[in-house]
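To start, the structure itself, in structure tokens.
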Amino acid sequence: MPLIPDITIPTKPKSVRKPTKKNTTPAKTSAVAAELPSAKKAQSKQPATKPVSNSSVIQRKKRRWLKPLVIGLSIIIVFGAYSTLQAKRLYTAAQGTKAELEFAASSFEKQQFVQTKEHLQSAQNYLQTAQSASSGLFIIKWLPYVHKHFVVVDNLIKVGIHVTGAGIDILPIAEALPTTLNDDSATVSAITSKQRRTLLEAISNSPASLDAAQTELTDAVTALDTMPKSGLIGPVQTVVTLVNDNLPQLHAAVQKGIPFLKIAPIILGTPDAQTYLFLLQNNTELRPTGGFIGTYGILQLQDGDIKEFTTNNIYNLDNPVKKTLNITPPEPLQRFMGTTQWFMRDSNWHPDFAISGEKAIEFYHQENGPVENIDGVISVTPNVIHDLLTITGPITIDGDEYNAENLTEKLQYEVEVAFRKEGVSDSDRKAVIGKLANQIMERIMDTPKANWPDLVKVFLDNLEEKHILIYSKNSNVQALMSQISWDGSMHSGNGDFAMVVDTNLAALKTDRVMTKQIDYTITPENNDLIVDMTLRYKNDGQFDFFTTRYRTYTRIYVPADSELISSDGFLTNDRYLGGEAATAEVSYDADVDKAVFAGFISVEPQTEETIHLRYRLPRNLANQISESGYSLYFQKQSGTDNVTLHGDITMPEKIKELAPLDAAEKIDNTKVQFSQPLTTDYQLELHF
């Protein structure tokens, strides 16, 4: 059938009646005749000229819709060709980027930094071409299903541009890397002191480059964080899942790794040597900043070299001044342990490590420590030794093997029991710790290049999880360490805050068998925000040489001006000593500007105990929700690794978004919930 059907044309056209004349002048007659209808108005207007056939009308109608059709098809063809061209440009640019990044990586490994920079710049050019090509696909990008995938593509391009930019910024520092690192079998000890100093000086002299790199990487992380996370086709979903799984590490590398790099030269002794008071805090006997200080030492670093590292039994420093040092200990130590004097072993009473670190230095000097100038304090828990042993492998000391699996029990047995059987004096019983530490240091220096990433990860993870704490008397270093939360200081801010601090008081090493759970609930009441906090303690131990009933003086730090409504679960003392129920003690800690709720609790082996607090958050926190939202910072106590945090937060207004995206699950318009191990500080932001 033809596109336009056949139409029979009449043989005689219908005549058109001439319009009647009006009272007009002759000059206007023809014009009026052309414009006015007939007197009877029965026929359609027709010019008083030659009749027009129906075929002409049809042809005009045909041309009328054919022209737009041709134009539309032309536009589609043009844009189709244009989109195909842009898609080809995008694909070519992607392939070029991949190749240039591979070349850059290869050149970097060979320490060919000029070539590395050229390849990074070339990769960046390809990425910018890809960005332009993607923009040219604006027509198909907005199709419903396609749009989400192009958002991912565009963000990945942005990430690539920012990451290559960061690489270019950091290259001047990389140029100071020793050439000996070309060898895969290279070790830390193969780097000479001069080479270490050159590298540290290059880092120290490049704050602008580090700032620029941090900005680029921050923008890259932001682009990753805003990508769609689900509902994508297979290959794209795989990339997004991979990125999402590694986003927390990327955040830490950007927000903490680079700032730490800025101050690393000073910490490592460039340009001036640094002397640190070293503390080994045993977190199986938990104390406010990590654990009981059973071992101390002196660590001196110069240009990244360990110039001196010695350790000693803490009692060898405390005992000689028993009769001369009369400092009143904190009241809970007096009440629950009968302590009448305060020594360095208990100097970490305050949970803010900057405060306790300074107090430890003060005690060191008061107890006649031989080193006069101390630049700071470095603290570790046995967790760090455990993690290092997973890299170094087993180490044998005096015929005994120490490995990652037996470290805690073996070391505890040697310094608490075996030394007597072996005829070792009480003052020398912890000498094995120093021997083990020095052996580990030697192994670290001999660690092959292939294992360096694992080594770096151990230190970064333990800094993040507060098993390594660093306090510096250098105010600039301390400020930056505090900013990235690696100094163990208490967080300051205008939002909601909580920190639970346990202090093992004569409960042996029972923390190793304890599990703890914190339930944190917020409910709006009238114009207030009411917190219900429940602390659950479970003692999985028994009465033996290392574990017993768990006795802890617990402090809960909350925003200043918080008002305690009720509390239960605290005791005046152990129940077997006649302890009775007690309410929480309320105080204000001016050093950290926090309200404190505190009390004593005792948990028998194979039992559970619960503390419950109900309090009102400051009115200013409730009032600021509409303007700036709600934020929570729940700080982990240094040294803990057996605590789970559950949250159930209801707000008075509709929650529009939360950050980070994986920090909590939105239950409905006004409620979020979360549950996770409290291995690092927990942060949450809600926007309304």
### Query
Tell me, which residue of region 92-114 that is within 31 Å of the chain's Cα centre (by Cα) and among the hydroxyl-bearing types (Ser, Thr, Tyr) is surrounded by the most Cβ atoms within 10 Å (Cβ to Cβ)?
THR97
### Query
Of the residues that sit in region 451-503 and are crowded, with 22+ Cβ neighbours inside 10 Å, more than 27 Å from GLY629 (Cα to Cα) and not hydrophobic (A, V, I, L, M, F, W, C), which one is nearest to the chain's Cα centre (by Cα)?
LYS466
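Considering every residue within region 256-275, establish whether at least one is under 30 Å from TYR553 (Cα atoms) and either touching a Lys or Arg at 6+ places or on another chain (Cβ under 6 Å) or assigned to a helix (DSSP H, G or I) (or both). Can you show your working first?
As a first pass, look at region 256-275 and keep what is under 30 Å from TYR553 (Cα atoms): none.
Within region 256-275, none of the residues are under 30 Å from TYR553 (Cα atoms) and either touching a Lys or Arg at 6+ places or on another chain (Cβ under 6 Å) or assigned to a helix (DSSP H, G or I) (or both).
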### Message
Conditions first: (1) touching an Asp or Glu at 6+ places or on another chain (Cβ under 6 Å); (2) over 25 Å from VAL432 (Cα atoms). MET337 passes all but one, so which condition is the exception?
### Response
(1)
## Note on the structure
Only one of GLY423, GLY488, GLY493 is within 18 Å of ASP352 (Cα to Cα), in a loop (DSSP other than H, G, I, E, B) and at pLDDT below 95, namely GLY493
### Query
Using beta carbons and a limit of 6 Å, which pairs, at least six apart or on different chains, have the first residue in region 499-517 and assigned to a helix (DSSP H, G or I) and the second one charged (D, E, K, R) and at pLDDT 95 or above?
VAL513/ASP540
### Query
Hey, ASP245 hits all of (1) within 16 Å of the chain's Cα centre (by Cα); (2) more than 23 Å from LEU460 (Cβ to Cβ) but one; which does it fall short on?
(2)
### Message
Any residue that is closer than 27 Å to GLU608 by Cα and either assigned by TED's automatic domain parsing to the domain that holds GLY629 or in contact (Cβ under 8 Å) with a residue 24 or more places away in the chain (or both) - is there at least one of those in region 478-497?
### Response
yes
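If you go through region 200-217 one residue at a time, how many are in a helix (DSSP H, G or I), free of Cβ contacts under 8 Å to residues at least 40 places away in the same chain and buried (at least 16 other Cβ atoms within 10 Å of the Cβ)? Quick ask: steps written out before the conclusion?
Step one: of region 200-217, the residues in a helix (DSSP H, G or I) are 200-204, 207-217.
Within this subset, residues satisfying the condition of being free of Cβ contacts under 8 Å to residues at least 40 places away in the same chain are 202, 208, 211, 215.
With the extra rule that they be buried (at least 16 other Cβ atoms within 10 Å of the Cβ), the set shrinks to 202, 215.
Number satisfying all stated conditions: 2.
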## Note on the structure
Within region 603-634, residues being of a type outside the set (A, V, I, L, M) and touching a Ser or Thr at 6+ places or on another chain (Cβ under 8 Å) number 8
### Task
Could you list, in sequence order, all residues of region 290-315 that are in contact with a Lys or Arg (Cβ under 9 Å, 6 or more places away or on another chain) and either over 22 Å from MET445 (Cβ atoms) or of a type in the set (Ser, Thr, Tyr) (or both)?
GLY290, PHE292, ILE293, GLY294, THR295, TYR296, THR311, ASN312, ASN313, ILE314, TYR315
### Task
Considering only region 178-199, state which residues are surrounded by fewer than 16 Cβ atoms within 10 Å (Cβ to Cβ) and assigned to a loop (DSSP other than H, G, I, E, B).
ASP183, ASP184, SER185, THR192
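Got at least one residue in region 231-238 being of a type in the set (Ser, Thr, Tyr), free of Cβ contacts under 8 Å to residues at least 40 places away in the same chain and farther than 30 Å from ALA176 by Cβ?
First, the residues of region 231-238 that are of a type in the set (Ser, Thr, Tyr): 238.
From the residues that got through so far, the ones that are free of Cβ contacts under 8 Å to residues at least 40 places away in the same chain too are 238.
Then keep just the ones that are farther than 30 Å from ALA176 by Cβ; that gives 238.
Yes.
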### Query
Give me the pairs: first residue in region 553-565 and free of Cβ contacts under 8 Å to residues at least 12 places away in the same chain, second residue surrounded by 24 or more Cβ atoms within 10 Å (Cβ to Cβ) and outside any strand (DSSP E or B), beta-carbon distance under 8 Å, and six or more apart or on different chains, which are they?
none
### Query
Residues in region 360-376 that are more than 23 Å from GLY291 (Cα to Cα) and touching a residue at least 60 places away in the same chain (Cβ under 8 Å): how many?
2
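Test HIS350 against the stated conditions and say whether it is at pLDDT 95 or above, part of a helix (DSSP H, G or I) and either in contact with a strand residue (DSSP E or B) (Cβ under 9 Å, 6 or more places away or on another chain) or not acidic (Asp, Glu) (or both). Working first, answer last.
On the way: at pLDDT 95 or above: yes; part of a helix (DSSP H, G or I): no; either in contact with a strand residue (DSSP E or B) (Cβ under 9 Å, 6 or more places away or on another chain) or not acidic (Asp, Glu) (or both): yes.
The answer is no for HIS350.
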### Summary
Here the qualifying pairs (Cβ atoms under 8 Å; residues six or more apart or on different chains; first in region 165-177 and assigned to a helix (DSSP H, G or I); second aromatic (Phe, Trp, Tyr)) come out as LEU171/PHE113; ALA174/PHE108; ALA174/PHE113
### Summary
Apart from one, (1) farther than 20 Å from ALA437 by Cα; (2) buried (at least 18 other Cβ atoms within 10 Å of the Cβ); (3) among the β-branched types (Val, Ile, Thr) all hold for VAL377; the odd one out is (1)
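Identify, please: which residue in region 404-446 is polar (S, T, N, Q) and without any contact (Cβ under 8 Å) to a residue 40 or more places away in the chain and is, among those, surrounded by the fewest Cβ atoms within 10 Å (Cβ to Cβ)?
Residues of region 404-446 that are polar (S, T, N, Q), as a first pass: 406, 408, 412, 425, 427, 438-439.
From what is left, the residues that are without any contact (Cβ under 8 Å) to a residue 40 or more places away in the chain are 406, 425.
Working: ASN406: 14, SER425: 10.
Ranking the candidates gives SER425 first.
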### Query
Out of all the residues in region 253-274, is one or more among the hydroxyl-bearing types (Ser, Thr, Tyr) and farther than 30 Å from GLY369 by Cα?
no
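Among the strands (runs of 3 or more DSSP E) lying completely within region 546-660, list those that include at least 2 residues that are over 28 Å from the mean Cα position of the chain (by Cα) and hydrophobic (A, V, I, L, M, F, W, C). It would help to see each step written out before you state the result.
Values: elements: 550-559, 563-568, 585-589, 594-603, 608-616, 630-635, 643-650, 657-659.
Qualifying strands (runs of 3 or more DSSP E): 563-568, 594-603, 608-616.
The values are calculated or read from the model by the stated rules, or taken from the named source; none is laboratory data. This one's a predicted model, so the numbers in the text were calculated from it and none came from an experiment. No Cβ is skipped: glycine too gets one built from the backbone with ideal geometry, and neighbour counts run over all protein chains shown.
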